[in-house]
Amino acid sequence: MEFTKIRVYVEDTDAGGIVYYANYLRFMERARTEWLRACGIELDLWQHQHRRLFVVRSVQIDYRSPARFNDQLIAGAKFVTVKSASLVCEQRIMRGDTLITDATVVLVCVDADTFKPCAIPTAIKKAVTREL
């Protein structure tokens, strides 16, 4: 699993100083993007060159422990299933040894113009399956 460091800022928290639940999804998005970057995939280039996007189809998330302002977290991502037009990603957010949240995210590859599902480009499949 590839991990990305995340610092919790005031803007990430609610009035009680706890990370607002939806912001964990933002942290996970960053981790997925950095994992793909580590695999040699720059999503903006793929969008322009191949007219492909990855969109979130579903998320199953469990909140285990709260994160607070100024916490140093790590957000991890690992693709566990690759199909013709979709990817399944397991993700975790940790503070030290404490599991903050974990999720399963299903992404679908779509045509950038029509937003209809389409096959994942072979180069992306090869890049992400090297780690499976």
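The values are calculated or read from the model by the stated rules, or taken from the named source; none is laboratory data. For clarity, every value in this text was computed on a predicted model and none was experimentally measured. All Cβ positions, even for glycine, are placed from backbone atoms using ideal geometry, and neighbour counts span all protein chains on display.
Please indicate, with yes or no, whether at least one residue in segment 101-115 is free of Cβ contacts under 8 Å to residues at least 60 places away in the same chain, part of a strand (DSSP E or B), under 17 Å from Lys5 (Cα atoms) and of a type in the set (Ser, Thr, Tyr).
No, segment 101-115 has no match at all.
Among (1) over 19 Å from Arg130 (Cα atoms); (2) at pLDDT below 95, there is one condition Arg26 misses while meeting the rest; what is its number?
(2)
Being modelled with pLDDT under 90 and either β-branched (Val, Ile, Thr) or more than 14 Å from Ile124 (Cβ to Cβ) (or both) is the filter here; which residues of segment 29-63 pass it?
Hits for segment 29-63 are Ile41, His48.
Identify all residues within segment 100-118 that are out of contact with any helix residue (DSSP H, G or I) (no Cβ under 9 Å at 6 or more places or on another chain) and surrounded by 13 or more Cβ atoms within 10 Å (Cβ to Cβ); write none if there are none.
Residues of segment 100-118 out of contact with any helix residue (DSSP H, G or I) (no Cβ under 9 Å at 6 or more places or on another chain): 102, 104, 106, 108, 110-111, 113-118.
Once the filter is applied, which keeps residues that are out of contact with any helix residue (DSSP H, G or I) (no Cβ under 9 Å at 6 or more places or on another chain) and surrounded by 13 or more Cβ atoms within 10 Å (Cβ to Cβ), segment 100-118 yields Asp102, Thr104, Val106, Val108, Val110, Asp111, Pro117, Cys118.
Looking at segment 69-100, which of its residues are among the small types (Gly, Ala, Ser) and part of a strand (DSSP E or B)?
Correct list: Ala75, Gly76, Ala77, Ser86.
Can you tell me which residue among Arg7, Arg37 is of a type in the set (Lys, Arg) and within 21 Å of Val128 (Cα to Cα)?
Working: Arg7 fails: within 21 Å of Val128 (Cα to Cα).
Arg37 is the lone residue from the list that is of a type in the set (Lys, Arg) and within 21 Å of Val128 (Cα to Cα).
Out of segment 34-46, which residues are loosely packed, with under 15 Cβ neighbours inside 10 Å and in contact with a strand residue (DSSP E or B) (Cβ under 6 Å, 6 or more places away or on another chain)?
Listed by number, the list holds a single entry, Ala38.
List the pairs whose first member sits in segment 8-23 and is part of a strand (DSSP E or B), whose second member is of a type in the set (Asp, Glu), and whose Cβ atoms are under 9 Å apart, counting only residues at least 6 apart or on separate chains?
If the second residue must be of a type in the set (Asp, Glu), the pairs left are Val19/Asp12; Val19/Asp71.
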